[in-house]
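The values are calculated or read from the model by the stated rules, or taken from the named source; none is laboratory data. As the structure is a prediction and not an experimental result, all values here were calculated from the model. Using ideal geometry, Cβ is built from the backbone for each residue, glycine included, and neighbour counts are taken over all protein chains shown. Note: accessible area is taken over every heavy atom of the protein model, side chains too, but ligands, DNA and RNA are not part of it. Shrake-Rupley method; radii C 1.70, N 1.55, O 1.52, S 1.80 Å.
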Amino acid sequence: AVFEHLDDPVLERLDPAGVVLIAAVHRLALGVPLPVTVLLGRWRNMRAQLRAIECLLDAKSAADVDWGAGARVEAAIPMMSAKPELAHWSCLELTRTLLRLSVHGTFGRVRALFAEATSGCPQQLLAALLQTAPVNTAAETPLQIDILEQLLPLFISTDSNVLRHLWE
């Protein structure tokens, strides 16, 4: 219940060390890592939420956070090139929340956060984008379209089985 109070304008001034501290306090209080879902989902103060996510992604190796909380990318696609340090991009709620925030005047900031996934784990990102908001549905966002337009040629121009796996 205490962590529900993170949805506050004061978090707009948060830094990565603050996220590490919040996660450490959670661990001390409850004995488990901070579920990432505490920072994701729907907040009233979207600027504070985006700042918290930016800080979390910046401090991900130092923050005691459970990235396995919540929905995961379910597509059975080859993820051979995925690096363990990018496993947080399998968190479907992260993609869903960032896409939602991108339509509220933060397109550039959110687009910059996806750069890591675009270059480091494009298969995971493609699967997450398609699972989060199917193409041509009301849930699809301009940022999703932008990233898909960047990613799809990578998979069409290679002998990758990724698109076939996603279709199935």
* Asked: Given the conditions (1) in a loop (DSSP other than H, G, I, E, B); (2) crowded, with 18+ Cβ neighbours inside 10 Å, which single one is not true for residue 53?
  -> (1)
* State all residues of segment 57-74 that are under 23 Å from residue 133 (Cα atoms), open to solvent by less than 60 Å² (accessible area, probe 1.4 Å) and not in a loop (DSSP other than H, G, I, E, B); if no residue qualifies, say none. => 57
* Structure fact -> Residue count, segment 104-140, condition open to solvent by less than 10 Å² (accessible area, probe 1.4 Å) and either aromatic (Phe, Trp, Tyr) or not in a helix (DSSP H, G or I) (or both), comes to 3
* Qualifying positions in segment 100-114 - among the hydrophobic types (A, V, I, L, M, F, W, C) and over 18 Å from residue 155 (Cβ atoms) -> 101, 103, 107, 110, 112, 113
* Structure fact -> Every listed condition ((1) farther than 18 Å from residue 105 by Cα; (2) open to solvent by 40 Å² or more (accessible area, probe 1.4 Å)) holds for residue 9 save (1)
* Asked: Which condition breaks for residue 89 when tested against (1) part of a loop (DSSP other than H, G, I, E, B); (2) touching a Cys at 6+ places or on another chain (Cβ under 9 Å); (3) at pLDDT 90 or above?
  -> (1)
* Working only within segment 130-150, note down all residues that are of a type outside the set (Asp, Glu) and modelled with pLDDT under 90. => 130, 131, 132, 133, 134, 135, 136, 137, 138, 139
* Asked: Would you say residue 29 is crowded, with 16+ Cβ neighbours inside 10 Å and either at pLDDT below 90 or farther than 22 Å from residue 133 by Cα (or both)?
  -> no
* Within segment 39-50, tally of residues that are surrounded by fewer than 18 Cβ atoms within 10 Å (Cβ to Cβ) and within 13 Å of the chain's Cα centre (by Cα) -> 1
* Structure fact -> Only unsatisfied item for residue 81, checking (1) at pLDDT 85 or above; (2) outside any helix (DSSP H, G or I), is (1)
* To do: Would you tally the residues in segment 21-47 being part of a helix (DSSP H, G or I) and touching a Leu at 6+ places or on another chain (Cβ under 9 Å)?
  => 10
* Single unsatisfied condition, residue 17 versus (1) under 23 Å from residue 117 (Cβ atoms); (2) open to solvent by 40 Å² or more (accessible area, probe 1.4 Å); (3) out of contact with any strand residue (DSSP E or B) (no Cβ under 7 Å at 6 or more places or on another chain); (4) of a type outside the set (Asp, Glu) -> (1)
